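Asker: What follows is a single structure, and I will ask about it in a moment.
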Amino acid sequence: MLDVKFDQRVSLITLAVGDLERAAAFYEAMGWRRVPSPDGVIAFDLIGQTLGLYDRAALAEDLGLPATGIGGFSGVTLSHNVRNEEDVAPLMARAEAAGGRILRPAGEVFWGGFIGYFADLDGHVWEIAHNPFSTLGPNGEFRWEGY
């Protein structure tokens, strides 16, 4: 197995929301600006990271978790983006070996990337992702449309 480093950084924080436009209006009222993104996702670039807003039911379905209730989805995912598609599966394997639970194995996703989801020991959801449209900066910085 390729030994890929799990850098100490979060690339993307995704908040599952009930109403995308209402949630976006809140962040825009705080002075943040959206960046272009595909339908169903609203993104705000931060300093070296991105905040994403995504429909709660759709994200829970993608994770294979109930949208609410005991054992359900908390509404937050943390993403660790990598430079190459080939780096996703080894990091997923590393998470599983450390005691994490695989929620969605590494694989292609509808928007053209390659991702996997796992839950840590306390159920916090992480995504390992390669986004070919968002190349990382020299120090692993993430921006929705890339560096």
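Asker: Checking the conditions here, which among Leu63, Leu20 is surrounded by 13 or more Cβ atoms within 10 Å (Cβ to Cβ), of a type in the set (A, V, I, L, M) and within 15 Å of the chain's Cα centre (by Cα)?
Answerer: Only one candidate passes the filter, namely Leu63.
Asker: Residues in segment 108-132 that are out of contact with any Ser or Thr (no Cβ under 9 Å at 6 or more places or on another chain) and surrounded by 12 or more Cβ atoms within 10 Å (Cβ to Cβ): how many?
Answerer: Of the residues in that region, 9 qualify.
Asker: Of everything in segment 66-97, what is out of contact with any His (no Cβ under 8 Å at 6 or more places or on another chain), crowded, with 18+ Cβ neighbours inside 10 Å and either under 15 Å from Val17 (Cβ atoms) or among the acidic types (Asp, Glu) (or both)? Give them in sequence order.
Answerer: Correct list: Phe73, Thr77.
Asker: Only residues in segment 100-119 that are in contact (Cβ under 8 Å) with a residue 40 or more places away in the chain and of a type in the set (A, V, I, L, M, F, W, C) count as the first member; pair them with residues that are surrounded by fewer than 18 Cβ atoms within 10 Å (Cβ to Cβ) and part of a loop (DSSP other than H, G, I, E, B), Cβ under 8 angstrom, at least 6 apart or cross-chain, and list the lot.
Answerer: Listed by first residue and then by second, the contacts come to Leu103/Gly64; Trp111/Pro38.
Asker: Give just the number: which of (1) in contact (Cβ under 8 Å) with a residue 40 or more places away in the chain; (2) within 15 Å of Ile13 (Cα to Cα); (3) in a loop (DSSP other than H, G, I, E, B) does Leu78 not satisfy?
Answerer: Of the numbered conditions (1) in contact (Cβ under 8 Å) with a residue 40 or more places away in the chain; (2) within 15 Å of Ile13 (Cα to Cα); (3) in a loop (DSSP other than H, G, I, E, B), the odd one out for Leu78 is (3).
Asker: Of the residues Ala129, Ala106, which single one is at pLDDT 95 or above, closer than 19 Å to Tyr147 by Cβ and touching a Phe, Trp or Tyr at 6+ places or on another chain (Cβ under 8 Å)?
Answerer: The unique qualifying residue is Ala129.
One line per residue, one yes/no per condition, for (1) among the hydroxyl-bearing types (Ser, Thr, Tyr); (2) in a helix (DSSP H, G or I):
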residue	(1), (2)
Ile47	no, no
Tyr54	yes, no
Ala57	no, yes
Asp87	no, yes
Leu91	no, yes
Gly99	no, no
Ala106	no, no
Gly116	no, no
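The values are calculated or read from the model by the stated rules, or taken from the named source; none is laboratory data. Quantities reported herein were computed from a predicted structural model and do not represent experimental measurements. Don't worry about glycine lacking a Cβ; one is built from the backbone with ideal geometry, like all the others, and counts go over all protein chains shown.
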